[in-house]
1. Any residue that is under 17 Å from R289 (Cα atoms), over 14 Å from the mean Cα position of the chain (by Cα), surrounded by fewer than 18 Cβ atoms within 10 Å (Cβ to Cβ) and not hydrophobic (A, V, I, L, M, F, W, C) - is there at least one of those in segment 189-211?
2. Would you call T56 in a helix (DSSP H, G or I), more than 24 Å from M136 (Cβ to Cβ) and in contact (Cβ under 8 Å) with a residue 24 or more places away in the chain?
3. Only residues in segment 183-195 that are modelled with pLDDT of 95 or more count as the first member; pair them with residues that are surrounded by fewer than 19 Cβ atoms within 10 Å (Cβ to Cβ) and of a type in the set (K, R), Cβ under 9 angstrom, at least 6 apart or cross-chain, and list the lot.
4. Of all residues in segment 226-270, which are touching a helix residue (DSSP H, G or I) at 6+ places or on another chain (Cβ under 8 Å) and without any contact (Cβ under 8 Å) to a residue 24 or more places away in the chain?
5. Just to verify a result, which residue in segment 99-154, among those that are part of a strand (DSSP E or B) and under 20 Å from K278 (Cβ atoms), is nearest to the chain's Cα centre (by Cα)?
6. If you scan segment 13-50, which residues turn out to be small (G, A, S), without any contact (Cβ under 8 Å) to a residue 24 or more places away in the chain and buried (at least 16 other Cβ atoms within 10 Å of the Cβ)?
7. Out of segment 259-275, which residues are farther than 21 Å from T193 by Cα, crowded, with 23+ Cβ neighbours inside 10 Å and of a type in the set (A, V, I, L, M)?
8. Looking at segment 196-208, is at least one residue assigned to a helix (DSSP H, G or I) and in contact (Cβ under 8 Å) with a residue 60 or more places away in the chain?
Amino acid sequence: MPEKIGFIGVGRMGANMARRLQESGHPVVAVFDVNATASQALAQELSCLAADQLKTVTALADVIITVVSDDLAMKRIYVGGLLNRARGKLFINCATVTPAVHRWVEQKCEAKGASSLEACMASSLTQAREGSLYLMCGGKPEVFARAKPILEKLSSSLRYIGTAGKAAEVKALVNMVMNANTAALAEGLGLGTALGLDLTMLREVFAETGARSGVLQTDGADMQNRDHACFFSAAHAAKDSGIVLKLAKEQGLNLPLAVATKKQYDRMVKAGLGELDKSGVAELTFPGRSGAPA
């Protein structure tokens with residue numbers, strides 16, 4: 001019989017992952033979110049319980065998947081009842097948090113006779129719904145083996161990186177490069193606009209030269225058209241930039257491009273644009289733009 005699944009955190013990503021698993025034959029039995037409206041709506045859709053306590057999810061599920069916002073939220077759930085009677089349970093943590101927190105979670109779980117695995121995501125909402133996430137996993141090999149049948153339903157590319165925290169390190173570097181590429185693309189297209197160049201032509205040239213990148217494909221047209229519907233928010237880009245700069249500081253490295261990128265996304269958050277997609281960084285660089293799109 002498939003293991004029963006519980007979800008902690010059912011925002012846009014968590015909800016789509018839950019839908020995908022339910023459709024793939026892995027029963028979702030309980031969901032929890034600090035936004036009770038979100039958990040109740042999803043529970044009704046999936047015919048499962050909207051739990052009002054973390055420990056209820058753990059009691060009902062064999063595998064608990066967490067998709068929360070940051071280090072603080074992660075620590076809150078793990079000291080807030082999630083590990084109550086957790087022996088034998090598997091906790092799969094998908095949020096982008098610091099490697100140290102993933103190691104802390106593993107220690108907490110093992111002290112309770114449970115297991116944990118980080119499954120860091122390098123994809124977005126559409127991939128979560130389709131089951132085509134790129135997942136980087138960290139933890140003990142035997143825990144990865146237990147989780148693999150579930151994660152394969154969510155992922156088109158599943159990679160075991162190493163011990164706890166290592167997948168989170170790789171994810172931080174992925175986001176560092178992605179966010180810097182996004183900010184650079186916004187500057188290139190912004191300057192192209194100022195020069196009177198046709199941006200469709202410019203994007204086509206970028207795509208056929210050394211200026212091509214993944215974000216050119218995902219964000220270029222959105223920057224041109226001021227369509228910043230959120231798939232990966234500027235607020236998350238700012239948060240993730242902070243994670244990688246902390247890692248760099250620990251290693252005694254100076255990363256000036258990463259510093260500059262974080263400043264751009266911090267500007268967006270300060271201007272109230274943090275819930276725009278990261279492509280919204282173009283609002284800071286295109287001539288004639290002064291904030292949120294019209």
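The values are calculated or read from the model by the stated rules, or taken from the named source; none is laboratory data. Please read all numbers here as calculations on a predicted model, not as lab measurements. Note that each Cβ is placed from the backbone with ideal geometry, even for glycine, and that neighbours are counted across all protein chains shown.
1. Yes, because at least one residue in segment 189-211 is under 17 Å from R289 (Cα atoms), over 14 Å from the mean Cα position of the chain (by Cα), surrounded by fewer than 18 Cβ atoms within 10 Å (Cβ to Cβ) and not hydrophobic (A, V, I, L, M, F, W, C).
2. Considered against the rule, which asks whether it is in a helix (DSSP H, G or I), more than 24 Å from M136 (Cβ to Cβ) and in contact (Cβ under 8 Å) with a residue 24 or more places away in the chain, T56 comes out as yes.
3. G190/R289
4. G242, L245, A248, N254, V259, R267
5. Only one residue tops the list, namely M121.
6. The answer is A41, A43, A50.
7. Within segment 259-275, none qualify.
8. The answer is no, given that none of the residues of segment 196-208 is assigned to a helix (DSSP H, G or I) and in contact (Cβ under 8 Å) with a residue 60 or more places away in the chain.
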